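The values are calculated or read from the model by the stated rules, or taken from the named source; none is laboratory data. Owing to the predicted nature of the structure, the values given are computational and were not obtained by experimental measurement. Here the Cβ positions follow ideal geometry from the backbone for every residue, glycine too, while neighbour counts run over all protein chains shown.
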Ligand code: HEM
């Protein structure tokens with residue numbers, strides 16, 4: 001038999017296999033009854049195409065509008081736009097543990113140690129969380145206040161000097177860039193004992209560019225695991241330059257942590273509690289050096305990009321809604337006659353600031369795609385639906401947040417929906433809003449460890465900014481950001497965003 005006839009036969013067999021699989025997926029698969037577009041239900045290609053374009057967050061939200069609250073977005077994956085699904089998927093329920101993460105999304109990088117994010121086994125994950133949680137509690141954040149204030153203060157004085165140098169006392173600032181500087185320096189200090197030097201140099205540290213680029217590559221690469229062993233083959237074929245970049249990035253984290261560990265002093269940061277615990281507990285109960293290196297490195301990414309996205313989104317909404325901005329500014333300035341009175345504790349008692357941040361997390365959730373899990377062996381029930389093992393399941397944050405059935409005026413920035421008056425007054429248009437549908441920090445044992453720190457940063461940066469400056473929309477090409485026009489690689493890829501910051505007259 002000639003080569004071409006073998007090729008032809010092989011192609012024929014493959015075509016029959018493909019069509020057979022598609023037909024099975026559409027009509028005989030245990031998830032066949034769930035609605036969704038044919039292309040997405042028959043094979044994973046629809047999902048892949050959307051994810052690789054960066055539009056998965058928006059596409060799945062639109063599919064929910066078209067097909068309902070529970071939709072099939074791949075042969076073995078369901079997406080939920082239902083509040084009760086948070087608890088069913090992500091929480092421990094009595095003796096039943098939360099649904100596990102899958103290796104597709106959360107396997108560790110080959111040859112690298114495990115971080116808290118890749119600890120898929122619940123017992124190992126619990127060991128990680130016992131080690132790092134003490135550095136992240138509300139109380140711990142208060143002990144870290146001097147570090148947080150130092151960088152936020154430096155950020156404000158830099159902008160103040162820029163504005164002061166102009167006759168109109170105004171600085172037009174790309175706030176995405178500056179929020180990046182302050183959050184990276186801050187988390188660098190808390191996570192590694194030294195800042196990245198962004199505020200001093202008024203520029204990005206080379207590590208940050210690597211992080212921005214690697215988020216896209218890591219998201220796309222993870223999806224190749226759906227077609228294993230394609231991922232292993234491509235990994236082997238990865239250009240030496242990419243491997244070198246990844247190695248340099250890792251080495252930087254190793255060196256930074258090494259310097260922090262050599263400090264040998266108890267300082268109020270995220271590392272001290274881990275070191276302290278390592279000394280107190282039995283061998284194997286604390287974190288190994290590699291695990292700490294990987295977790296510290298993860299914290300830099302998880303703790304900066306997310307916060308920057310949220311605060312940029314909030315600022316965007318504030319300058320577009322001058323009445324809301326005025327309310328917030330008034331609340332902050334009335335509550336704090338002097339700048340140094342703005343403390344983390346005092347900031348907790350500002351209801352409008354709290355409402356503004358909650359509304360920002362609803363509309364500008366930095367991870368709008370959600371966090372997928374898989375149904376464990378033996379199957380599991382989500383929103384009353386019993387599902388077969390190995391089904392991918394996910395609650396889709398964007399579909400929930402923008403659901404007009406869950407939120408009055410769902411697409412609009414309305415901090416008022418979070419105020420007590422809206423929750424207690426049946427006449428309020430927001431009275432029936434389903435506020436529990438917004439869970440930007442996740443739910444259950446794997447939810448965000450950095451939530452108290454994130455809230456502290458969001459409150460402090462926002463309050464200090466509106467205390468010191470009158471904000472206005474900038475009349476530059478980057479003065480208006482259409483938030484929904486930004487693509488997502490696990491987190492939103494933010495466009496530059498200029499804001500006019502006018503020194504407050506006192
Ligand atoms: C607005 C800011 C933030 C948002 C919206 C956010 C959101 C999230 C979400 C949704 C998860 C859960 C992922 C899952 O269930 O699989 C998560 C996990 C995590 N976050 Fe955050 N985060 C924010 C800020 C931070 C900060 C400031 C830090 C650290 C300084 C941080 C560190 C982490 C870590 C280490 C995990 C993994 C926890 C684990 O696997 O147990 N995050 N975050």
Members of segment 482-506 that are surrounded by fewer than 18 Cβ atoms within 10 Å (Cβ to Cβ), assigned to a loop (DSSP other than H, G, I, E, B) and in contact with a strand residue (DSSP E or B) (Cβ under 9 Å, 6 or more places away or on another chain): 496, 504, 505
Any hit, segment 329-337, residues being assigned to a loop (DSSP other than H, G, I, E, B), modelled with pLDDT of 95 or more and within 14 Å of the ligand (Cβ to nearest atom): no
Strands (runs of 3 or more DSSP E) wholly inside segment 374-427 containing at least 1 residues that are surrounded by fewer than 12 Cβ atoms within 10 Å (Cβ to Cβ): 385-387
Qualifying residues in segment 446-473 (those that are near the ligand (Cβ under 8 Å from one of its atoms) and farther than 18 Å from residue 143 by Cα) - the one surrounded by the fewest Cβ atoms within 10 Å (Cβ to Cβ): 447
Filter pass, residue 128 being assigned to a loop (DSSP other than H, G, I, E, B) and either surrounded by 14 or more Cβ atoms within 10 Å (Cβ to Cβ) or within 14 Å of the ligand (Cβ to nearest atom) (or both): no
Segment 428-445, residues that are near the ligand (Cβ under 7 Å from one of its atoms) and either free of Cβ contacts under 8 Å to residues at least 12 places away in the same chain or surrounded by 21 or more Cβ atoms within 10 Å (Cβ to Cβ) (or both): 440
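Residues are listed down the side, and each one gets a yes or a no for (1) at pLDDT below 95; (2) under 30 Å from residue 119 (Cα atoms); (3) part of a loop (DSSP other than H, G, I, E, B):
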residue	(1), (2), (3)
433	no, no, yes
442	no, yes, yes
446	no, yes, yes
456	no, yes, no
459	no, no, no
462	no, no, no
465	no, no, no
471	no, no, no
480	yes, no, yes
Out of 82, 112, sole residue that is more than 16 Å from residue 443 (Cβ to Cβ), in contact (Cβ under 8 Å) with a residue 40 or more places away in the chain, assigned to a loop (DSSP other than H, G, I, E, B) and away from the ligand (no atom under 15 Å from the Cβ): 112
Residues that are touching a residue at least 60 places away in the same chain (Cβ under 8 Å) and part of a loop (DSSP other than H, G, I, E, B), drawn from segment 47-68: 54, 55
Residue pairs meeting the criteria (Cβ under 8 Å; at least 6 apart or on separate chains; first on the phi > 0 side of the Ramachandran plot, in segment 360-384; second within 12 Å of the ligand (Cβ to nearest atom) and modelled with pLDDT of 95 or more): 370/394; 370/395; 370/397
